[in-house]
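Each remark here refers to the structure printed beneath this line.
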Amino acid sequence: MNLTVQLSCPASRLALGTALTGAALLLAACGGSVTPTGSGGDEVPPVTAPAEQPGRILGQITPFTAGQASRVMPEELTISAPVRGEGLFDLALPGATAMTTTYADLLFAATDVFGACEKVTTTAPASLRLYPIATLKTDTGQTLTARAAGSTTVKNWWFASQAASYTFQGECLGLGTVDVTFNFKLGWNVLDVTYGGTSTTYTQVAAPTTPVEWRAGGLGSQRLGNALEPWKNSAAYRARQ
């Protein structure tokens, strides 16, 4: 690496030396700058942090009646959003810094989000931590899931502590067979989770930009065995109860 040195001192002060160490001392005294350059003279780009994918849940409680709810919130995160006319809400999710500090003790290892599983194989990095949101609560005690009427597909929002591409396979309580490949970005990722009885599929989708239907209740049998929130079957979740 070459160094381009810019000085604005009188010539007499350059007597401190022409070596790089001496130049560095002069720069500190004179307000000069050192610009790192590549071997061909090009400037080396600054180191930047990885881009974060923000999280936001645009929703509409469907059907909605006046007085049904005035706020919605995740079960564990200390955030909420007001419910406006016709059941509309806009819930901003915490950023990566808050999720990895304030809420660090709520994050799960990659295998724990699927709960109690057997025959597990995964390529997930050991450092990856996740936090999924599959339901919201109302201030009136209702549990909401993001789904269309009669559909067995529910939208989830999953926070990932780092960008990661990995596979997971296993036989999991309430889910049946799971065989999925994830390509998570740092921040919040949106999934369509489809329950088929003996198997469950996870499909990554673009974050919705218009309100998604959120309905009271679950999916019938999918409410049994914590299928909507399988991480509640994990030892990691039970340990914090």
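Residue by residue through the stretch 134-167, note down the ones that are in contact with a helix residue (DSSP H, G or I) (Cβ under 7 Å, 6 or more places away or on another chain) and of a type in the set (Phe, Trp, Tyr).
Residues of the stretch 134-167 that are in contact with a helix residue (DSSP H, G or I) (Cβ under 7 Å, 6 or more places away or on another chain), as a first pass: 159, 161.
Residue satisfying the conditions is Phe159 alone.
Out of the stretch 151-175, which residues are in contact with a Leu (Cβ under 9 Å, 6 or more places away or on another chain) and farther than 25 Å from Thr209 by Cα?
Within the stretch 151-175, Tyr166, Gly174 qualify.
Considering only residues that are surrounded by 16 or more Cβ atoms within 10 Å (Cβ to Cβ), of a type in the set (Gly, Ala, Ser) and modelled with pLDDT of 95 or more, look in the stretch 164-176 and name the one that is farthest from Gln204 (Cα to Cα).
Out of the qualifying residues, it is Gly170.
Can you list the strands (runs of 3 or more DSSP E) found entirely within the stretch 85-149 that contain at least 3 residues being under 22 Å from Glu171 (Cβ atoms), open to solvent by 10 Å² or more (accessible area, probe 1.4 Å) and among the polar types (S, T, N, Q)?
Working: elements: 88-92, 117-122, 129-133, 135-138, 143-146.
Per the criteria, no element qualifies.
Filter the stretch 143-176 down to the residues that are of a type in the set (S, T, N, Q) and over 20 Å from Ala92 (Cα atoms) and list them by number.
Of everything in the stretch 143-176, those that are of a type in the set (S, T, N, Q) and over 20 Å from Ala92 (Cα atoms) turn out to be Ser151, Thr152, Thr153, Ser165, Thr167, Gln169.
The values are calculated or read from the model by the stated rules, or taken from the named source; none is laboratory data. This structure is a prediction, so every number in the text was calculated from the model and none was measured. Don't worry about glycine lacking a Cβ; one is built from the backbone with ideal geometry, like all the others, and counts go over all protein chains shown. We work out accessible area using only protein heavy atoms, side chains counted, and drop any ligands, DNA or RNA first. Shrake-Rupley method; radii C 1.70, N 1.55, O 1.52, S 1.80 Å.
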